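The values are calculated or read from the model by the stated rules, or taken from the named source; none is laboratory data. Only a predicted model underlies this, so the values are computations on that prediction, with no experimental measurement involved. Quick reminder, even Gly has a Cβ in these numbers, built from the backbone with ideal geometry, and neighbours come from all protein chains shown.
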Amino acid sequence: MIHALSGTLSRTLAGLLAAVFCSAGHATLPLLDRVEYQGQTTIVGPQDKPWLAIPRSDAVQAIRREDNCSAIGAPRAIWRISDGRLWLTGLFGCGGSISLKSVYGGSGEPMLAEWISEPLVTYRGEHLCPSEMGGPGIHETTLIFHVDKGVVTKISETDNTNHPAIPDLAYIEKFLRDNRLDVKEAKSLLGRLPCRRIEASKP
């Protein structure tokens, strides 16, 4: 994560960030769904839970029981959005790709995700800050695909350039001062410190 720092500062800051990540209890990051859209592949998920549902089968259950992997979530899905529809194109686990044919039989062709009726959240653009919880963090743009029985009915975009969770220069300088580090290194840390935790406003 830290590329531009050197010497004592690099080692100290790396240790601080490692402590932050380890305190979240994620020795191994979970597997997350991926989506292909307009030539790019990014992490995708629903708004209110970690993963999108995939059809059940004996083979899926067997993979979940037998997959020798310290990361939770296997098998996860690879989706594609094209022609205004959401398609399940494949699965993967810690051991690599898993064909649909081996899990669901048939020809192995992409499956129209008719069982999905909920918003899907992904992102585009520059990575503005990483998540300390193992997710994608915050990128320039958040994309929300509104899906009804596998059909994309609407696409929403949100500009995150001024998102309050992104550590700005003043926040980074304070972080460095609090940890007795050189504030001159603040600019080199833009986009490298984990996203800030923003408390929900009270009603």
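A few notes on this one:
- Of all residues in region 164-189, those satisfying the criterion of being free of Cβ contacts under 8 Å to residues at least 40 places away in the same chain, surrounded by 12 or more Cβ atoms within 10 Å (Cβ to Cβ), of a type outside the set (Val, Ile, Thr) and in a helix (DSSP H, G or I) are 169, 171, 173, 174, 175, 176, 177.
- Residue satisfying condition, being at pLDDT 80 or above and closer than 30 Å to residue 185 by Cβ, within set 54, 43: 43
- Members of region 123-157 that are β-branched (Val, Ile, Thr) and either exposed (fewer than 13 other Cβ atoms within 10 Å of the Cβ) or under 19 Å from residue 30 (Cα atoms) (or both): 138, 153
- Residue that is farthest from the chain's Cα centre (by Cα) [pool: residues in region 149-163 that are farther than 20 Å from residue 81 by Cβ and part of a loop (DSSP other than H, G, I, E, B)]: 162
- Pairs, first more than 16 Å from residue 94 (Cβ to Cβ) in region 45-63, second part of a helix (DSSP H, G or I), C-beta under 7 Å, six or more apart: 54/60; 55/104; 57/103; 57/104; 59/102; 59/103
- Scanning region 123-148 for residues that are part of a loop (DSSP other than H, G, I, E, B) and among the acidic types (Asp, Glu) yields a single hit, 132.
- Leading residue by the ranking (nearest to residue 72 (Cα to Cα)) among those in region 116-152 that are among the small types (Gly, Ala, Ser) and without any contact (Cβ under 8 Å) to a residue 60 or more places away in the chain: 137
- Tallying residues that are surrounded by 14 or more Cβ atoms within 10 Å (Cβ to Cβ) and of a type in the set (Lys, Arg) within region 86-109 yields 0.
- Breaking point among (1) at negative phi; (2) under 22 Å from the mean Cα position of the chain (by Cα); (3) at pLDDT 90 or above; (4) surrounded by 13 or more Cβ atoms within 10 Å (Cβ to Cβ), for residue 112: (2)
- Number of the exception - residue 56 against (1) surrounded by 14 or more Cβ atoms within 10 Å (Cβ to Cβ); (2) not in a strand (DSSP E or B); (3) not aliphatic (A, V, I, L, M): (1)
- Residue satisfying condition, being touching a Cys at 6+ places or on another chain (Cβ under 7 Å) and not aromatic (Phe, Trp, Tyr), within set 138, 172, 144: 138
- Residue identified as within 20 Å of residue 156 (Cβ to Cβ), among the charged types (D, E, K, R), at pLDDT 85 or above and surrounded by fewer than 15 Cβ atoms within 10 Å (Cβ to Cβ) among 83, 33: 83
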